[in-house]
Every structure is written in structure tokens, then in C-alpha cells.
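Submitted below is the structure of interest, expressed as C-alpha cells.
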Amino acid sequence: MNLPFRTVVGILSIASTVLLATPQNPPTVQDELRQEPSQVELIIGDRIGAQPSFAVPDCLALTNDPETESAAQTIAEVLWADLEFEREFRMLARDTYTTIPQARSLTNIPLDRWRELGADGVISCSVERSNNEQIQVTARLFNVQSASSAFGVQYTGSFKNIRVYAHQLSDELHRHQRALNGVARTKISFSSDRDNEGILGSTNDRQTKEVYFADYDGANVKRVTVTRSLNITPTWSPNARAIAYTSWRRGYPDVFVSHIYRGNLESPAGGTTEIHNWLPAWSPDGSQLAFTSNRDGNSEPLDHDKAYWTYKDEYIEREWKYLEKAWENGILEELESVVPYCPSCQTSLSHAEVAQGYATVEDPSLYYKVKLVDEDAYLILWTTMPFTVVTDMLTGVKPESIYSYVKIENEIWIIANERLDELMNVFHIENFEILKEVNGKSLDGKKYIHPLAEKYIPELHTLSKQQGVHTVVAEDFVDLTTGTGLVHISPANGEIDFDIGKKRNLPLFNPINDQACFDEKSGKFNGLFVRDANELVFDLLKTVNSLVKLGRLKHEYPLCWRSGHRLLWVARRAYFYQVDKLDNKAVKAAESIEYYFEQPQNRFIEIIKEKRPWCISRERVWGTPLPIWKCISCSHKVGLFSRKAIIDNAIELPDGNNFELHKPWMDRIVINCPKCNNECHRELFVLDTWHNSGAAPFASLSDEEYNEFIPATFLTEGIDQTRGWAYTLLIENIIMQNSSASPYSAFLFQGHILDEKGNKMSKRLGNIVEGYKTLDENSVDILRFYLMRKATPIDSLNFSFEEMKSRPYQVISTLYNLHKYLKQNGEYDNFNKDEHTLEWSINNNSLSSPDYWILSKLQNLIKDVTNSYSDTNFNLVAASIDNFIIESFSQIYLPMVRNEIWNDDDLHLNRRLSIYSIISHILYTLDVLLHPISPFITEFLHSSIFDNNPILTKTWPKCNPDLLNDDLESEFKSLQIIISQSNSARMKGKLKRRWPLKLSMIYSEDQSLSNLIKHKELLQTFCNIRDIKYIDNVDELPVNLSIFPNYDILGKRLRADINEFRSIIKEQNALDLFKHFIINDSFIFKINDTNYEVHKNEIKFQFDATDDYVLSSKSGIVVILPKERDSDLFIEGYLRDLARRIQSERKESGLDPSEILKNTLIYGIDTPTKKLLMPKLSELKYLIRTNNVEVVDDLNSSYDWKDIDIDGSKLKICIISS
């Protein structure tokens, strides 16, 4: 059966995704507005931490007719609302303008009166009828302080939609003053049953929904569909000219596009009664649509009847079951507590939601002073939220810390000792005197005078007379690493502050309303948005001589995950899950889960151990309603967690028994109070949306399905969901089961993708990576490989296009070329993968040591990759495959067997076929191993070489222990070190790798190195050496030995004697000492009459070659090469250089490397070199795969000659392929 509990990822992976082209250039419509050019002079607002205060008085109606006058009033009201909505400016309430006379013209503004009201800017508009159908709107922004015009625009258009002028002006003001794109001209699309056209005559069955669109503020609603059917998931095209949506207008789901301004309808997905299409999504440029479909042959890829919609009544009722369990067990409680609150959304948030989004913000850094009542001394306080001075009730000090009474001019300040020096620098105070020092506990109970309460906040002043208000309290939470070491405490605006106030039974002074504005209890601050009150706090503190210093501070601060606005901590009434009442059930459940990585496991378990109350209620309109009613008389609460329970207890059901489980229907239901028989009204909260998603396992499934499918085998989410979905799923399931049962068995937390510099991607910053563009311009396989290879799943990934196009491109392109290499060479020798198998090669005893080495490496690769996949270490999977393809297979194995492949002798055919069988076996295995990461290229390569059956139908490779050979791998590791050291020595001696050398001497203290003698021919080939000698006697080496102390180790032990030791060690015979350490682990040195036992690792020996040799040493292996080359060696090197350059030109000409050329002409070789080369032409023919080679003395102009360079000699070559 299809499991209905799905994620978006599941939907995308199950259903087909189809891209459709839509018209690139839709016909334009006549613009509603035309903007005249204007001068931009300045930007208003430069006060610290404050938004500029703007006023929008009524517009001037320059034409005396009702329509113009109405337009003038509407524009002003809508403009004010637009600017207030985005909260980039502090908008002065329009009802405060009554004392200011209306301007007579745009140039005659009473700016002095606006200045008195506190305005930084005034937006003045005029509206004039230009003819019967046209209107002209002129607007100016005036800087009140400088009495100058800062911005001006003029629009001309029709009377048809007056609000659009205000919206346009709002957006332009945001662009000009804040460099932001406003939202006022954006539109929303939505589905609704608002017109009551249900199929069955009622909207309660929710089967009929039409598509609508409206301005962002809900005005100008226009209907798009008239189908009397279900129309859902509307989405705007990027150019806002069309809406795509899913509709059942023909009796089955299909994707439709309504071109709003053209007035036509399309069904581009081509749905039928058999082919169903859903969920359209536009590409960023609007040229394509993606959607889900069943057209791949699966008659029902998604069971849409069982898709879970959290708004549906059946889902809501099952979600209520969690609440019922919590209510019965005393876990669900109403509390008044300080909660994070979004002023824009006007709702509380949970701590999990707070963790969804932090940003670096700039806030005021305010230092101010308050005077003690009984002493002539001031407490110095600090805050980054000056508005909380309004709700200040206490000052905290650390009990055991020392506080200084500091004389500064004529005042005495009290500051924490640990902060004193830094603060004097901050305040630029050089002359001060510490009068005395006291313990923090001695300050406890001292009363202070709130600097603003008596004159500006009368109600707070009244409270200050109560016992304990405005006193110093000694509390351990006080932090001495910032501020002054004294903390101002506002119980209405801080969680710890609230607890301290509650512990001391202080009254709660909370003059903040639902709009996050101060109310009448705040006195002078009444009507101000709390953060807008910061500026008034500065001014008033300065007026009463309590301002010490005002600055700026950048710090991380949480933003609302919905709106992006800064959160506010404020005391509010809310409903909570008291998680601590679950005892250790949640911890036990968390410890039973597979996390794959220790770091997220520890983090998640620590979060669970915090047992913080979860605020599940929200003050919003849309959402699952909280099914709790409260008596208007005795305040008794009644929890009713099903439709039946509500009906059975209701005394008023104005919408009948079939009411919808949402506002406003639920709010109209009145319940009988079982205690006093009075009315109970519903608590007007809805549930946290994270509660909706956390309820999905039970709410979206039937009881039978829940018992069968939960716990889910595996879930994955971003690391930010540690406090989000992962948390809510777990806690709710434990509440439901009342046991330590997790709803999932495994959870993989994944890191985020950041930009190249490690910054979070943002459209505003311009550092986003556009998905469609990236996939259009790059290989999806390379992208996937890069994302997997770059970091572990739990780590953040700094995305770089340059990085993606380097190593990942090399890996994928090398894999492609390896398949091409096998195909071209295998076809040349009639290689048959089904006949010439790996088993055939083994049974024929035709494998060499390089073959067995690479096969052993392959077995270890299979083991490592399989284990890493199982452990979700996908980066290790990619790294292992990367290393095998590039290092082992391409750069070591193939060069080892290349000459054998090129040997066209029929006697060596079986050997060549055996090499092809090895390559074929490896490529088949690599295709399967890499397929989960790079599926498209591996599927293509697999079908081009092996068969057309999908890789997903293949058996996963298994390690063959018979092919594992650890000793051989160890020997080859030593061989690689020798080869590397040989190349390093050549670089030192400026000896090209293609130049053959007579001899290589290899020395190592490890006697087992002599086992490599069986690989002598291999080393000779790879190092391009005629002969190799393994030397075990250091006396036979043409080297000089030097000895030095290992300062990293010995310097710490000898300390002052190290210089003396350096002198003594220079007098030693380095060769004798080296021989001593071959046998012994230590040597006794006498330094200043003290014997020091010096160990082998405390001494460094340096080998230096004599004049005729060059050497390189590493890991105890020394490789020594002679510098001399005779004529035979010279011509061998010349021959290889010449072959390499010809092959390079052949490749650039696009010729098949396996093709036998007809002829190759060479011109420009000098006579001595030609004499040495002529006997070697047959070898050159073999190296470059040609039938004939000619060294010519004359240039035939009819040929296509190419210039090459061999050791500074300029030659010309001509390649004739046929």
C-alpha cells in the first residue's frame, strides 16, 4: 500500500517531473503608472539605533470634485498603511496630526510643527484631475531637520485603481531610503470557498474552491476561476502575468495556466482521465513549469486521497488527541510567562522556532546611571534594548564578585571590579579614584531611583513604592564578561528576569499590547512601537542627566522565521507543554535513535535534557484551534477534543453540527460550565504550526497505519531542525504513547549549503546559487559528486563553482574516458566482456602483479564504500571512489599495463584480453558504486559498455576475500614511494622523466624492502631506469651524511644545553652514529659533565649525494640517481619526447588513439641526432601506432605541418591518418 505519511522529498522522488515551455514574451499591457524623473538628494535618518519617523498627512486635492477628494484621502491612508506594514520606518499615527494645519501646497509645509511632533520626514502628496479620465499624483519627501526635499515623484494614470499609486510610492520610498524592494505592489494568490458555491450546496464539505488574487493587503480581490470544482495550489509566474494551479474542472486533476491580462486559459500538461497532473511550479525565468504526474505508467504514484492536509477537519481531530493526552496527564497548562513574540506576526513563538533564524543586527549600546536612595552613589547599567528601561524593576549583581565605588569628577559610580579598566577606556575616562570595594551580596536590598518613572511613567513610579521594586538583588546569573557587571532586570521582557520577579512576588509591569506598542500605562511612551521608543529613552535619559554613553553594537539576534522581523521577549498568557513532567521518557527515546554522527546526537540529547516548556499556542487567525473553553464567571476550563465532545457539551451551535473546525466557526460555539452552569467561551488561540507537523505520524494516519508504520525507519532534515521538526515529532509521540517511544528509528541531521566565503545565501546579498541556471550550465552528476565529496552530511558546505569544476570534473571526466579507452582498445582486439571475464583471466593464469594489486584495491574499495554508505558517510564514499579512479586506476595501474596493451603481437593477445577483463570488471563495479551519487553518467556509461538493464536492477558488489592481498598492497605502497622519490630526484637533477638512466640505487633501513626485487622490471619501466640495485649497506652509497638535533623534541629536554649539544654532535662521525642507530635505539652523550641518553627519534640524519649523483629521501627510503647520460640513453629519452609530442598533436587533431596511422613525417632533426634516431624508427612506430615513419630533409608544402619543440630544437611533423 502507498504510505500517506510523506515528505516533499518523497513526493518529488516518487512522481515524474516534467518541464514545459511557456511563451517567453507575453504581450505587455498598458502601464497603469508613468513615473517622471526626479532628483535624489539625501537619505533621512541618522540617529543611533533608531528608524526615521515619517508622517503621511492627507493629500491635497487640487481639483474640487468628490472623486479627486476621495482619491486624495485613499492614497494617504493606503501609503501610511503600506509603510507601517513593512516597519522600515517609524510611522507617526495619523490621529496625532490634528494639531498641524494642512499644507496649502507641496512647497508650503509647516515643517516646524512637524518637527515638534517628532517627525524626521513628511511625505506630502497632491492629487489633480488632468482631464476627465486621467489623474496626476505628485509626491515629495521632506527632510524636516534640513527643511529640504529629499525625494520626489510624479505619476499620471487613470482613476481605475487609486490604491496602486500609494503602493508604487511606498515601494519607491523603500528603494530610495532603505535600498530595499518593497512589497506593496506584490499580489497574493489563494484558493477559497468564500463565494459559497459548494457542489452539495454547502462549503463545509470543502470540495469546491476557486482561485483568487488580491493586493498584498487583501484589497482588490479578483476571481480567476469560475469552475464550481476544486482548484488548489495557485502560484504566480515570475513576471506576475499568469497563475498556474491544479484544477479538477474536467473531473480529474490537471495543471492549468490562467493568463491574467491576456484573458486566456491553457492546460499545458495535457491531462486526461488516465494522465493526472498536480502541483505546478515555475522556473525562475518563467519559461518552464515543473509538476508532478503519473504519466510514467504508474496509475497512481501518489494517493492524493490520503495526502495529509493539516487544515482538514479529520486531521485536526486526530491532532487534538495529542492535546487530550497532555491535558489528562497534566502536561498541558496555561501560564503567564515571558515568551518570544513577533511584532509583525503578532504571535508568540516556541524556542524551537527561535532557533530557526539568527542574523547579525546592529543595536544601540546604552550605558546609563540610576541613583541609590540612601547613598550619594550611582549604579551604572548597560543594555542593548533601551526600551526595556520603561519596564525596569530590579538591578542584579553577582553575589560573590567585588564591586568598586569609583569617584569620577563629582559623582560616585558603582561598577564591577572585573569590568572597571575596560569601561574606563570605553568612557574615555583617565582620572578616577577607587574609594572602596564591596562584596556583591552587600548591595542586595539597596533601593534605587528609576530616572524616568516619576516624571514620565507615573504608574511605574507608583509601583516603585512597593516593597522590593527598584532594589538591587544578588543573583548568580549576572554575567561579568560584558556590560558593567550590573544587570537591569525587566520581568516583563526577560525569561530569567520574569523568574526573579516571580520569586520575589513583585507585581508585573507590562505596558505592552498585542501590536508590541506601549499602552497608556507607559505614560510618555504611550502608542510607540517598543523599538521605536529607544530614541525617546535616549532623549529623556539625557534630559535627566542619566545618560552615560550611547554607541552601536553588532551581535547575533533571533529573527522571526516567517516575517524576518526581530523578535521581542514579552510576558504573555499562553498554553505550554510542561516537558519536565515527562520525566526521562524523552531522554530515553532520544538515546534509542540512530543519528549516524556523534555530534548531532549529543546536541539533540542535550536539547531534550533541557526540558524547557514548549509554548504551543499562537495568537493567529489561521491554524488548528485550541479546543479549550473558559468560563466567563468562574474561569473553569473545559477541554473538548473531538467534534462529538463539543456537540455534546454545547449550549450554542450557531452553525449546526457540521461546523468547520476553524475560526470563526469554533469561536461562536458556547459551552456549558460544569461547575457553575455559566457560559464558557473558547480560548482564542491556535496551535503552533510545528505542533501541526509534529502531529503528522498520528494525525495523518489511521490507527492501523500508525501501528504499522511508526516508528518510521529513517528521517532526514537540516541541522536547524534539531530544535524543530525532530524535536516536535519526538515530544508529541511520547505524550501520545506516555512512554519513551520515538516516532522514528533513525534521523540524519544535515548541514546547510553556504556561499564560497561561508556566508548564508541570500537574494539580498546576491550570493545565491540559482538551481535552474546551475543545472543548465553544469553537469548534474558533477554537481552531485561535488556536494557529496565536499563535506560530511552534518557539516555546512561552502559552495564554489571553481572548486566544483576542478577535482569533481576530473573524476567524472576520467571515468568517462576510461570507458572510452576500454571501448576503443577492446574493439580493436575483439574483446568480448561475456567471454573474456575476470574468471577466464584467472583460470588462464594470465594476470600479473599489477592486476592482482588493483583487484585487491578494488575489494577494499567495495568494503569501504559499502560501509560508508551504510553509515551515511557519503563524503567518504565519494573520496574513496575519487582516490581509486584518479590515483590507483588511472595514474598507477593503466600506465603499468599500457605498453602491454600497445603490443600488437598476436602472441600477446590473451594478455591484452586479460587486461581488458580487469578494466571491464573495475568499470562495471565503479558504475554501480558511484550510481547513487552520480546516476546519470553512470547509467549512460554502463549502457554503452555493458547492457541496457538499469543499474538499479543489478546486485550490489561484494568484496571477494580471495582477491584481497594486504602484502601485495604494502609492497606496491613502497613501490609508489620509490617512484615518487625517483621523480623527485630527477627534478632536483633536471633529468626529464622520459630520459632513461643507467642505474638507480635504493636504500632503506627496512630490510623487507629487498622483497621488492620481484617487482624490479615494473620499477625499471615506471622509473625509466636500465638497472635497479637494492643496497643494504650504507657504506656503498655515494653520499655524505650530516647529523642534526631534532629541536622539536630534544630542545624541550636539553633546554640550555642544546647549543652545547649542537657543537658536540658536529664532532661525531655521522656514518658511525647512523650505523649505531640501525642496531640501537639510543646513544649516550656527555654534555657539561651530564650524561644524556638521546633516542633515535631525537636525531635527524641528512643524506647529500656526491657530485655525480642526485638523491631524494622520504619515509626512510633513499633513491639515488646518476646524472650522466651516454648517447644510447640520450636517444632513448629523445625518442620518448618525440613520441609524446606526436601523440599530443594526434590527440589535438581528434584522431582515435587506437587507430593505426598511415604515415608520420618528421622534419628538422639535426644530423647527429638523426644518425642516432634512424635505428630506433621501428620502436617509434610502435610507440605512436603508425605504419611508417619518415625523417625528411625537405618540406612538402602540400602537407599540413605542425610545429613542435624537443629540448629547444624546433621540428615540424605531419600526421597522415589515411
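Kindly establish whether Asp1126 is of a type in the set (Asp, Glu), farther than 19 Å from Asp1200 by Cβ and at pLDDT 85 or above.
Details: of a type in the set (Asp, Glu): yes; farther than 19 Å from Asp1200 by Cβ: yes; at pLDDT 85 or above: no.
No, not satisfied.
Residue-wise test of (1) assigned by TED's automatic domain parsing to the domain that holds Leu541; (2) touching a Leu at 6+ places or on another chain (Cβ under 7 Å); (3) aliphatic (A, V, I, L, M).
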{"site": "Glu409", "(1), (2), (3)": "yes, no, no"}
{"site": "Ile412", "(1), (2), (3)": "yes, yes, yes"}
{"site": "Arg419", "(1), (2), (3)": "yes, yes, no"}
{"site": "Met424", "(1), (2), (3)": "yes, no, yes"}
{"site": "Glu433", "(1), (2), (3)": "yes, no, no"}
{"site": "Val438", "(1), (2), (3)": "yes, no, yes"}
{"site": "Lys441", "(1), (2), (3)": "yes, no, no"}
{"site": "Lys455", "(1), (2), (3)": "yes, no, no"}
{"site": "Ser464", "(1), (2), (3)": "yes, no, no"}
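Checking the condition of a type outside the set (Val, Ile, Thr), on the phi < 0 side of the Ramachandran plot and under 48 Å from the mean Cα position of the chain (by Cα), which residue from Leu1012, Leu999, Leu991, Leu968 passes? Walk me through how you get there before you give the answer.
Working: Leu1012 fails: under 48 Å from the mean Cα position of the chain (by Cα); Leu999 fails: under 48 Å from the mean Cα position of the chain (by Cα); Leu991 fails: under 48 Å from the mean Cα position of the chain (by Cα).
Just one listed residue meets the conditions, Leu968.
Is it the case, given these coordinates, that Gly623 is at pLDDT below 95, part of a loop (DSSP other than H, G, I, E, B) and surrounded by fewer than 18 Cβ atoms within 10 Å (Cβ to Cβ)?
Working: at pLDDT below 95: yes; part of a loop (DSSP other than H, G, I, E, B): yes; surrounded by fewer than 18 Cβ atoms within 10 Å (Cβ to Cβ): no.
Spelling it out, it is not the case that Gly623 is at pLDDT below 95, part of a loop (DSSP other than H, G, I, E, B) and surrounded by fewer than 18 Cβ atoms within 10 Å (Cβ to Cβ).
Every residue in the stretch 834-882 that is crowded, with 17+ Cβ neighbours inside 10 Å and among the basic types (Lys, Arg), please.
Within the stretch 834-882, Lys857 is the sole residue that qualifies.
If you take the residues in the stretch 298-320 that are in contact with a strand residue (DSSP E or B) (Cβ under 9 Å, 6 or more places away or on another chain) and at pLDDT below 70, which one is nearest to His691 (Cα to Cα)?
His304
Do we find that Gly271 is crowded, with 21+ Cβ neighbours inside 10 Å, out of contact with any Leu (no Cβ under 8 Å at 6 or more places or on another chain) and assigned to a loop (DSSP other than H, G, I, E, B) in this structure?
Numbers: crowded, with 21+ Cβ neighbours inside 10 Å: yes; out of contact with any Leu (no Cβ under 8 Å at 6 or more places or on another chain): yes; assigned to a loop (DSSP other than H, G, I, E, B): yes.
Yes, satisfied.
Return the residue satisfying two criteria in turn: it lies in the stretch 1045-1061 and is within 46 Å of the chain's Cα centre (by Cα) and surrounded by fewer than 13 Cβ atoms within 10 Å (Cβ to Cβ), and of such residues it is farthest from Phe1074 (Cα to Cα).
Looking at the filtered set, the residue picked out is Lys1052.
Quick one: which strands (runs of 3 or more DSSP E) lie wholly within the stretch 1148-1216 and hold at least 1 residues that are at pLDDT below 85?
Numbers: elements: 1159-1163, 1189-1192, 1202-1206, 1209-1216.
Correct list: 1202-1206, 1209-1216.
For the subset of the stretch 733-773 comprising residues that are in contact with a strand residue (DSSP E or B) (Cβ under 9 Å, 6 or more places away or on another chain) and over 23 Å from Thr792 (Cα atoms), which member is surrounded by the most Cβ atoms within 10 Å (Cβ to Cβ)?
Only one residue tops the list, namely Pro743.
Is it fair to say Leu1050 is closer than 18 Å to Asp1108 by Cβ and out of contact with any Phe, Trp or Tyr (no Cβ under 6 Å at 6 or more places or on another chain)? Break it down stepwise before answering.
On the way: closer than 18 Å to Asp1108 by Cβ: no; out of contact with any Phe, Trp or Tyr (no Cβ under 6 Å at 6 or more places or on another chain): yes.
Taking the combined requirement at face value, the residue does not satisfy it.
Filter the stretch 850-875 for residues that are without any contact (Cβ under 8 Å) to a residue 60 or more places away in the chain and acidic (Asp, Glu) and give the result.
We begin by selecting, within the stretch 850-875, every residue without any contact (Cβ under 8 Å) to a residue 60 or more places away in the chain; these are 864, 867-868, 870.
If the condition is that a residue be without any contact (Cβ under 8 Å) to a residue 60 or more places away in the chain and acidic (Asp, Glu), then Asp864 is the only one that fits.
Let me ask you something else. Take the residues in the stretch 1129-1165 that are out of contact with any Lys or Arg (no Cβ under 6 Å at 6 or more places or on another chain), acidic (Asp, Glu) and touching a residue at least 40 places away in the same chain (Cβ under 8 Å); name whichever of them is nearest to Lys992 (Cα to Cα).
Glu1132
Could you tell me whether the stretch 806-825 includes any residue that is over 30 Å from Glu594 (Cα atoms), assigned to a loop (DSSP other than H, G, I, E, B) and in the same structural domain as Ile915 (by TED's automatic domain parsing)? Outline the logic, then answer.
As a first pass, look at the stretch 806-825 and keep what is over 30 Å from Glu594 (Cα atoms): 806-825.
The next check asks that each one be assigned to a loop (DSSP other than H, G, I, E, B); those that pass are 806.
From the residues that got through so far, the ones that are in the same structural domain as Ile915 (by TED's automatic domain parsing) too are 806.
Checked against the condition, which is being over 30 Å from Glu594 (Cα atoms), assigned to a loop (DSSP other than H, G, I, E, B) and in the same structural domain as Ile915 (by TED's automatic domain parsing), the stretch 806-825 yields at least one hit.
Also: Would you point out which residue out of Arg531, Arg504 is buried (at least 21 other Cβ atoms within 10 Å of the Cβ), in the same structural domain as Leu420 (by TED's automatic domain parsing) and out of contact with any strand residue (DSSP E or B) (no Cβ under 6 Å at 6 or more places or on another chain)? Step through it out loud before you land on a result.
Values: Arg504 fails: buried (at least 21 other Cβ atoms within 10 Å of the Cβ).
Unique residue meeting the criteria: Arg531.
Being surrounded by fewer than 18 Cβ atoms within 10 Å (Cβ to Cβ), aromatic (Phe, Trp, Tyr) and more than 18 Å from Glu1005 (Cβ to Cβ) is the filter here, so list the residues in the stretch 1086-1139 that pass it.
Residue satisfying the conditions is Phe1130 alone.
Among the strands (runs of 3 or more DSSP E) confined wholly to the stretch 95-183, which include 1 or more residues that are modelled with pLDDT of 90 or more, buried (at least 18 other Cβ atoms within 10 Å of the Cβ) and in contact with a Cys (Cβ under 8 Å, 6 or more places away or on another chain)? Spell out the reasoning first.
Numbers: elements: 121-129, 134-143, 148-158.
Result: 121-129, 134-143.
Which of the following residues is under 30 Å from Asn1196 (Cα atoms), acidic (Asp, Glu) and out of contact with any strand residue (DSSP E or B) (no Cβ under 9 Å at 6 or more places or on another chain): Glu1155, Glu1145?
Working: Glu1145 fails: out of contact with any strand residue (DSSP E or B) (no Cβ under 9 Å at 6 or more places or on another chain).
Going through Glu1155, Glu1145 in turn, the sole match is Glu1155.
Of the conditions (1) outside any helix (DSSP H, G or I); (2) loosely packed, with under 15 Cβ neighbours inside 10 Å, Asp776 satisfies every one except a single condition; which number is it?
The one condition Asp776 does not meet is (1).
So Lys1171 fits all but one of (1) out of contact with any Asp or Glu (no Cβ under 9 Å at 6 or more places or on another chain); (2) over 28 Å from Ser984 (Cα atoms); (3) touching a residue at least 12 places away in the same chain (Cβ under 8 Å); what number is the exception?
Among (1) out of contact with any Asp or Glu (no Cβ under 9 Å at 6 or more places or on another chain); (2) over 28 Å from Ser984 (Cα atoms); (3) touching a residue at least 12 places away in the same chain (Cβ under 8 Å), the lone unmet condition for Lys1171 is (3).
Table: residues versus (1) under 39 Å from the mean Cα position of the chain (by Cα); (2) over 25 Å from Asn817 (Cβ atoms).
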| position | (1), (2) |
| --- | --- |
| Asn860 | yes, no |
| Asp871 | yes, yes |
| Ala878 | yes, no |
| Ile892 | yes, no |
| Asp906 | no, yes |
| Pro950 | yes, no |
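The values are calculated or read from the model by the stated rules, or taken from the named source; none is laboratory data. This one's a predicted model, so the numbers in the text were calculated from it and none came from an experiment. Cβ: placed from backbone, ideal geometry, glycine included. Neighbour counts: every protein chain shown.
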